[in-house]
Amino acid sequence: MIWFAVWTVLVLATIAGAVLLGLRLWRSGKALLKQLEATGEVMDRLQTRVEELEAARVPEPVFTPSLLATEEQRERWRTIRQANRDTRAARRAVRRGLTYKRWDAVLSTSPRR
């Protein structure tokens, strides 16, 4: 008779656990659907805003090199290019100096054999 009581308790506990698990799953499913609905609304607003921004966008000017550029324009372009090269070279020199300092610090603190 005791085994009947044990098995009855086990079966009832399993059923109760399944019911609790089912309720949690049901609530989670409802929350997921609610969140998906809110996400859909946000995506609709985002799509509308993207379409507005695309409609308001001004087309970018297309750069085409001019074969008929004056010497003055070409000299200005050369000056700009040289300034860009000088700026890059200065940045490269600064980076190189910092790298050498870091390596010197690493090598000076490492144990020598």
Protein accessible area in the chain, 1.4 Å probe - carbon and sulfur %: 65
If r is the Cβ-Cβ distance from ALA90 to ALA69 and R0 is 22 Å, what FRET efficiency results, to the nearest 0.05? 0.20
If you put +1 on each Lys and Arg Cβ and -1 on each Asp and Glu Cβ, how big is the dipole of the chain around its Cα centre, in Debye rounded to 20? 1180
Obtain the radius of gyration and the Kirkwood radius of the stretch 30-89 from its C-alpha atoms and give Rg over Rh. 1.47
Gain on full stretching of the segment that runs from ARG45 to THR14 - 0.36 nm per residue minus C-alpha separation: 6.5 nm
Apply the Karplus curve 6.51 cos²θ - 1.76 cosθ + 1.60, θ = phi - 60°, to the phi angles in the stretch 98-103 and return the couplings in whole Hz, x for Gly and Pro. 5, 5, 4, 5, 5, 5
Length gained if LYS101 through ARG81 is fully extended, taking 0.36 nm per residue and subtracting the Cα-Cα distance, is 4.2 nm
Tell me the mean residue ellipticity at 222 nm calculated for the chain from its helices only (DSSP H runs of n ≥ 4, each -39500 (n - 2.57), averaged over every residue, nearest 500). -31000 deg cm²/dmol
(1) 10, 11, 10, 11, 13, 15, 12, 8, 5, 3, 1, 0; (2) 14, 50, 34, 2; (3) 15, 48, 32, 5, 0: which one is P(r) over Cα pairs in 10 Å bins from 0, in percent as calculated from this entry? (1)
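The values are calculated or read from the model by the stated rules, or taken from the named source; none is laboratory data. Fair warning: this is a prediction, and the values are worked out from it, not measured in the lab. Reconstructed Cβ throughout: ideal geometry from the backbone, glycine too, with neighbour counts over all protein chains shown. We work out accessible area using only protein heavy atoms, side chains counted, and drop any ligands, DNA or RNA first. Shrake-Rupley method; radii C 1.70, N 1.55, O 1.52, S 1.80 Å.
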